[in-house]
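In what follows, a structure is listed as structure tokens, so that the remarks can point back to it.
The values are calculated or read from the model by the stated rules, or taken from the named source; none is laboratory data. These numbers come from a predicted model, not from an experiment. Cβ placement follows ideal geometry from the backbone for every residue including glycine, while neighbour counts extend to all protein chains displayed.
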Amino acid sequence: MTQQTILLVEDEKDIRDLLALHLQREGFAVLEAGDGLQAVDLARKRKPDLILLDLMLPGLDGLGVSKALQRDPGTASIPILMLTARGEEVDRIVGLELGAADYVVKPFSLREVLLRIRAVLRRGAAPVDALPLRWNDISLDTAGHVVLAGGVPVSLTLTEFRLLEDLLRNKGKVRSREQLLDSVWGYSFEGYARTVDTHVRRLRAKLGEAAAGIETVRGIGYRARG
């Protein structure tokens, strides 16, 4: 089995050293960055399997790192697990709306961080026998993590990709915000249902005219017309 690589972005060296030690003990290869600009550079050069990203960083903060990586097609699909302070609810909401796969609140337990990392990596792993999904002018290849709209490649974050995949696998069915949260993130974020609306809006914008069949079902959720 290929060793998975995690980019650990944390400016507090004691925390970074502790996390790196435990990640390596769990069998991960670890890249380390102490600031946002270094993180963006490493992510672009090394393409890690996951980024463990502290929001409070010198220079370019964690939200800035997320924006920079998601604007780049080469890094947009790398899942991001945010580390946030307990009082940073607004930043958590913004981070999730930007496409972060999950978050962990400080102070955290190492066990919780490892569980969240493995959960995010499992969500991003496509079944070996997964067949491409086709709907209207959209083609979604789960194995290759490739989306084409009208034959043109579309760069989606992992969260946007999984959201589109869920809608296509359930085409014709209404998917509530709660169902989408559970399917895409792996469990419900209490009070974070509005992040679904934000992700659908971003997904529609990226798909352009091909997104015309993604319907809003008022008061419930969304549906890809069958």
Exclusive hit being loosely packed, with under 15 Cβ neighbours inside 10 Å and of a type outside the set (S, T, N, Q), set Asp14, Asp102 = Asp14
Test: residue in segment 38-50 that is under 21 Å from Leu96 (Cβ atoms), surrounded by fewer than 13 Cβ atoms within 10 Å (Cβ to Cβ) and under 15 Å from the mean Cα position of the chain (by Cα) = no
Strands (runs of 3 or more DSSP E) wholly in segment 4-123 with at least 3 residues that are in contact (Cβ under 8 Å) with a residue 24 or more places away in the chain - which ones?
-> 5-9, 29-33, 50-54, 80-85
For Thr198, which of the numbered conditions (1) at pLDDT 90 or above; (2) surrounded by fewer than 17 Cβ atoms within 10 Å (Cβ to Cβ) fails to hold?
-> (1)
Does Arg44 satisfy being within 23 Å of Thr159 (Cα to Cα), of a type outside the set (Asp, Glu), modelled with pLDDT of 95 or more and outside the structural domain of Leu203 (by TED's automatic domain parsing)?
-> yes
Scan Glu215, Glu190 and give me the residue that is at pLDDT below 90 and out of contact with any Leu (no Cβ under 7 Å at 6 or more places or on another chain).
-> Glu190
